[in-house]
There are 2 protein chains.
Amino acid sequence: MAKTIIAKPLTKSSFAPYGQVIEKQGSEERVINNGNCVRHHDLAKIELDGPRAEPSINIFCGQPYEMPLLLKMVERHPLGSQAFVPMHDRPFLVVVCPDDNGKPGTPEAFVTEPGQGINLSKGQWHGVLTPLGQEGDFVVIDRVGDGNNLEEYFFDTPFIVELP
Amino acid sequence: MAKTIIAKPLTKSSFAPYGQVIEKQGSEERVINNGNCVRHHDLAKIELDGPRAEPSINIFCGQPYEMPLLLKMVERHPLGSQAFVPMHDRPFLVVVCPDDNGKPGTPEAFVTEPGQGINLSKGQWHGVLTPLGQEGDFVVIDRVGDGNNLEEYFFDTPFIVELP
């Protein structure tokens, strides 16, 4: 029988095992441009391994998913990190799994607040981009290069993910 | 007497001498996630020179400027590119100058449309982040590392920049 996972609010501490929350709160702040701009500095650890690795900037346009979510699979990128920052102020769902001897363990789910993005560490199991309510555009900073940077895992029994 | 620059709509072709427009239109599209997401692929050329150079992800929170803008100075980053993508759907102003023997030439100004960001090439003279109307957050992808990555230039006579 499918196990139900309840999503939690996304916080720096709860997400720390999986990567970084990209948000203004709790950042190193640098005031620039004659006081007219605050630089919230260096919010993510970009990882780029393997042959001909380069960072890239992309826009992902994702369709919304119905909740509760039937989570059939997760994936990971063994050669690089992957950051998602919304180009709008709507929440999205983040699903991650700890690694359990090369396979994904029990998922954890998070709901973002407006102004929050995430960076998934290299090799972090995660669900696909999951906008809520309506289609959404996201800036994605990840790796381009040679080598196989995608691994998928299909669960024997899907999980059900519910909003709080 | 101050010269007036009229801002133009931002397009890939008009901005090509200065860097890249980060937008979905005209991109290489890859359909992923079982058809639920389009990856607009590798939209910017990230440049990272000098000692200990690494890419970084930041959030810039910028105050709005009143228009017409009195443009007193521009700056450039000789060691790396700098990308700005809004985390909202409001336009912002982009000011750039061609290089004229190590000094900025006559400015050009562009107004973005919702969903457009920019990547400034390494060493590109540009005005500071200029939100319009209200405060705005932007994802900024640029370089961290050692070395002096900031050069400022103050015009003898400021320029006036007007919206179209």
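The values are calculated or read from the model by the stated rules, or taken from the named source; none is laboratory data. Keep in mind that what you see is a predicted model, and the values were worked out from it rather than measured. Because the Cβ atoms are built from the backbone with ideal geometry, glycine has one as well, and the counts that use them run over all protein chains shown. The protein model used for the area step is the full one, side chains on, heavy atoms only, and it has no ligands, DNA or RNA in it. Shrake-Rupley method; radii C 1.70, N 1.55, O 1.52, S 1.80 Å.
Summary of values
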quantity: Rg in Å to one decimal, and Dmax rounded to a whole Å, for the range A:3-162 via C-alpha atoms; calculated: 16.0, 57
quantity: Rounded to the nearest 10 Å², the accessible area of A:Glu162 at probe 1.4 Å; calculated: 70
quantity: Anchor A:Lys8: lysines whose Cα lies under 29 Å away (excluding residues fewer than 8 positions away in-chain); calculated: A:Lys24, A:Lys45, A:Lys72, A:Lys103, A:Lys122
quantity: Selected from A:Ala83, A:Ala16, A:Ala44 as most flexible by GNM, with chain A as the system and alpha-carbon contacts under 10 Å; calculated: A:Ala16
quantity: Exercise: per-residue mean of other protein chain Cβ atoms within 10 Å, B:31-38; calculated: 6
quantity: Whole-Hz couplings from phi, Karplus 6.51/-1.76/1.60, listed for the range A:20-29; x for Gly and Pro; calculated: 10, 8, 9, 7, 6, 4, x, 9, 6, 9
quantity: Choice from A:Val128, A:Val31, A:Val74 showing the highest fluctuation, given a GNM over chain A with Cα pairs closer than 10 Å; calculated: A:Val31
quantity: Label-point gap, in nm, between A:Glu66 and B:Asp146 - each point 7 angstrom along Cα→Cβ; calculated: 5.8
quantity: Peptide A:90-99, shielding by other chains (average Cβ, 10 Å cutoff); calculated: 0
quantity: Label-point separation in nm, B:Gln25 to B:Lys103, each point 7 Å along Cα→Cβ; calculated: 3.7
quantity: Value of D in µm² per second that Stokes-Einstein yields for the range A:97-163, Kirkwood Rh from Cα pairs, at 10 °C (1.306 mPa s); calculated: 110
quantity: Cleavage-rule hits, trypsin sites (Lys or Arg not before Pro), the range B:1-90, DSSP coil, Cβ neighbours within 10 Å at most 13; calculated: B:Lys3, B:Arg52
quantity: Exercise: per-residue mean of other protein chain Cβ atoms within 10 Å, A:40-48; calculated: 5
quantity: Chain B, relative contact order in percent, only Cα pairs under 8 angstrom and at least six apart counted; calculated: 39
quantity: Two-site label geometry, B:Ala2 and B:Ile32: point separation in nm, points 7 Å out along Cα→Cβ; calculated: 4.6
quantity: ³J(HN,Hα) computed for each position of the range A:60-67 - Karplus, 6.51 cos²θ - 1.76 cosθ + 1.60, integer Hz, glycine/proline x; calculated: 9, 9, x, 7, x, 10, 7, 10
quantity: Per residue accessible area of the range B:3-162, 1.4 Å probe, in Å²; calculated: 44
quantity: Coarse-grained scattering of the protein assembly as shown at q = 0.07, 0.08 Å⁻¹, given as base-10 log I(q)/I(0) from a Debye sum over alpha-carbon atoms; calculated: -0.29, -0.38
